[in-house]
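Report on one structure; see the data block that follows.
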């Protein structure tokens, strides 16, 4: 009886820990979605990310997952920071530099796969210009 109870408790703890560590799966899904965005941009410059109308030429993109919050076993919220390096159209003309955008993304788990659920919400935005671009 004690062995059976120990096995049941161990199984419950293992399942609980597995779902608690599922944030790695959400993190991977976030980075995968960012990679798909970067590939789409590389293949078709017209496929700019939402809210990126000022982006003229992308030279580099980095994504950092700031936090993962599992709201249920099948739902998660991610806060991620995207850094776009390249050329941008500004009020002062075309400039090169970095656009930093922090976004909140929602994910849903279907089976063992996490996928983004809906459009990302922009939380914050900042820019850092290195100078004017010579045409």
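The values are calculated or read from the model by the stated rules, or taken from the named source; none is laboratory data. What you are looking at is a predicted structure, and each value in this text was computed from that prediction instead of being measured. Methodologically, a virtual Cβ is constructed for each residue, glycine included, from the backbone with ideal geometry; neighbour enumeration extends over all protein chains shown.
Pairs linking a residue in the range 96-125 that is at positive phi to a residue that is in a strand (DSSP E or B), with Cβ atoms under 7 Å and 6 or more positions apart or on different chains, are 97/88; 97/127; 97/128; 97/129; 97/130; 118/106. The set of residues in the range 107-122 that are in contact with a helix residue (DSSP H, G or I) (Cβ under 9 Å, 6 or more places away or on another chain) and farther than 17 Å from residue 34 by Cβ comprises 109, 112.
For the range 29-49, the count of residues that are more than 21 Å from residue 104 (Cα to Cα), modelled with pLDDT of 60 or more, surrounded by 11 or more Cβ atoms within 10 Å (Cβ to Cβ) and in contact with a strand residue (DSSP E or B) (Cβ under 9 Å, 6 or more places away or on another chain) is at least one.
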